[in-house]
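For reference, the structure discussed in these notes is given below.
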Amino acid sequence: MEKIHVSVRAKPLSQDDAKTSLWRISGNSIAIPNLSKFDFDQIFSGSCATAEVYEARTKDIVEAAVRGFNGTVFAYGQTNSGKTYTMRGSKAEPGVIPLSVNDLFRIIQQDVDREFLLRMSYMEIYNEEINDLLAPEHRKLQIHENLERGIYVAGLREEIVASPQQVLNLMEFGESHRHIGETNMNVYSSRSHTIFRMIIESRDRSEDEESGSSCDAVRVSVLNLVDLAGSERAAKTGAEGVRLKEGSHINKSLMTLGTVIKKLSEGAESQGGHVPYRDSKLTRILQPSLGGNAKTAIICNITLAQVRYSFVDTLK
Ligand code: ADP
Ligand code: MG
């Protein structure tokens with residue numbers, strides 16, 4: 001299988017934080033001089049634009065998705081480290097999701113040999129419950145598997161989309177229907193994972209003319225852009241009640257994700273080894289887009305003001 005690309009994106013530091021932070025970025029390493037050093041595939045400092053982060057690897061994954069490869073891009077990191085900024089972006093600086101969607105539409109418009117149908121879905125996983133953000137009444141959805149469809153979330157709405165603007169409008173609709181007040185939004189969103197998904201179906205136009213509709217000519221692939229729950233809860237102890245429940249679910253899914261990615265990068269799947277996809281909803285939903293020929297990238301969002309050894313360690 002293909003190597004999983006791990007990049008780090010540092011959030012711009014405030015002037016005060018910049019004075020006190022011990023961490024330095026140099027090349028593709030992040031280090032406290034003479035003490036500690038960690039290497040990644042790529043590191044983006046606070047002055048880098050989201051477009052650069054996108055170009056580094058996500059763009060390839062988007063292009064591959066049009067060619068029929070499933071792909072997944074994760075934003076991982078503590079709350080407030082810039083995951084949502086990286087994925088959704090702001091008005092002034094579009095995030096990975098709008099950049100991907102624009103590219104997707106541009107690429108398929110240029111492909112005159114194939115006919116495309118694009119669908120999108122948008123879901124969140126909160127406390128191991130799957131909620132449909134495009135159909136707010138669809139809550140606690142179940143994961144099913146059959147021969148025809150493979151692994152799928154039963155009842156999840158898939159909207160056919162014809163333009164980038166339509167996709168972005170649907171995303172906004174999804175966000176506005178989260179059952180949470182504006183003021184609690186960041187707290188809530190930091191405890192849930194969101195999976196934005198584009199399903200790309202295409203068929204060869206020439207096959208159509210020559211031999212009627214041939215099943216072989218139909219290609220379906222899935223692109224997942226995932227804004228993960230805040231990773232700090234994986235380490236926090238001492239919480240009680242609802243927070244404890246949330247924390248243990250996040251713990252479980254981020255740890256399972258970590259184990260799955262570790263197993264995949266060791267080649268466990270191709271060697272017939274066990275990969276524990278079923279241990280969390282997140283990994284189970286993403287199973288068809290993580291193993292096999294799928295392409296995966298992880299963007300680790302960090303704030304150099306707050307990096308702890310244990311956090312950097314979990315990325316290794
Ligand atoms: P997270 O989703 O990881 O909790 P956010 O994406 O919500 O974090 O970012 C926290 C705050 O920092 C937001 O106000 C966001 O606009 C700002 N921010 C994050 N990354 C950047 C960046 N690269 N440039 C400018 N502002 C950023
Ligand atoms: Mg967020």
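The values are calculated or read from the model by the stated rules, or taken from the named source; none is laboratory data. In this text, all values refer to a predicted model and were calculated from it rather than measured experimentally. Cβ coordinates were reconstructed from backbone atoms using ideal geometry, including for glycine residues, and neighbour counts include every protein chain displayed. The protein model used for the area step is the full one, side chains on, heavy atoms only, and it has no ligands, DNA or RNA in it. Shrake-Rupley method; radii C 1.70, N 1.55, O 1.52, S 1.80 Å.
A few comments on the model shown:
- Verdict on Gln42 being under 21 Å from Arg24 (Cα atoms), out of contact with any Pro (no Cβ under 9 Å at 6 or more places or on another chain) and more than 12 Å from ligand 1 (Cβ to nearest atom): yes
- Residue in the range 124-141 that is least open to solvent (accessible area, probe 1.4 Å), counting only those that are assigned to a loop (DSSP other than H, G, I, E, B) and charged (D, E, K, R): Glu128
- Val96 vs. criteria within 16 Å of the chain's Cα centre (by Cα), under 30 Å from Ser202 (Cα atoms) and within 16 Å of ligand 2 (Cβ to nearest atom): yes
- Where helices (runs of 4 or more DSSP H) fall entirely within the range 40-123, those with at least 1 residues that are among the aromatic types (Phe, Trp, Tyr), in contact with a helix residue (DSSP H, G or I) (Cβ under 7 Å, 6 or more places away or on another chain) and buried (at least 16 other Cβ atoms within 10 Å of the Cβ) are at 96-110.
- Residue within the range 218-225 that is of a type in the set (A, V, I, L, M), in a helix (DSSP H, G or I) and either surrounded by fewer than 21 Cβ atoms within 10 Å (Cβ to Cβ) or at pLDDT below 90 (or both) present: no
- Flag for Glu63 being out of contact with any strand residue (DSSP E or B) (no Cβ under 7 Å at 6 or more places or on another chain) and of a type outside the set (A, V, I, L, M): yes
- Residues satisfying the stated conditions in the range 76-93, i.e. more than 16 Å from ligand 2 (Cβ to nearest atom) and of a type in the set (A, V, I, L, M, F, W, C): Ala92
- For the range 19-39, a residue qualifies if it is within 16 Å of ligand 1 (Cβ to nearest atom) and open to solvent by 50 Å² or more (accessible area, probe 1.4 Å), and exactly one does: Ile25.
- Taking the criterion of being under 15 Å from Phe105 (Cα atoms), open to solvent by 60 Å² or more (accessible area, probe 1.4 Å) and part of a helix (DSSP H, G or I), the residues of the range 159-173 that qualify are Gln165, Gln166.
- If you go through the range 147-158 and keep only what is exposed (fewer than 15 other Cβ atoms within 10 Å of the Cβ) and either of a type in the set (Phe, Trp, Tyr) or modelled with pLDDT under 95 (or both), you end up with Leu147, Glu148, Arg149, Gly150.
- Meets criteria (among the polar types (S, T, N, Q) and modelled with pLDDT under 95) for Ser202: no
- For the range 256-305, filtering for residues that are among the aliphatic types (A, V, I, L, M) and either more than 15 Å from the chain's Cα centre (by Cα) or surrounded by fewer than 20 Cβ atoms within 10 Å (Cβ to Cβ) (or both) leaves 7.
- Pairing residues of the range 1-13 that are more than 16 Å from Gln78 (Cβ to Cβ) and within 13 Å of ligand 1 (Cβ to nearest atom) with residues that are modelled with pLDDT of 95 or more and outside any strand (DSSP E or B), at Cβ distances under 9 Å and at least 6 apart in sequence or on separate chains, gives no pairs at all.
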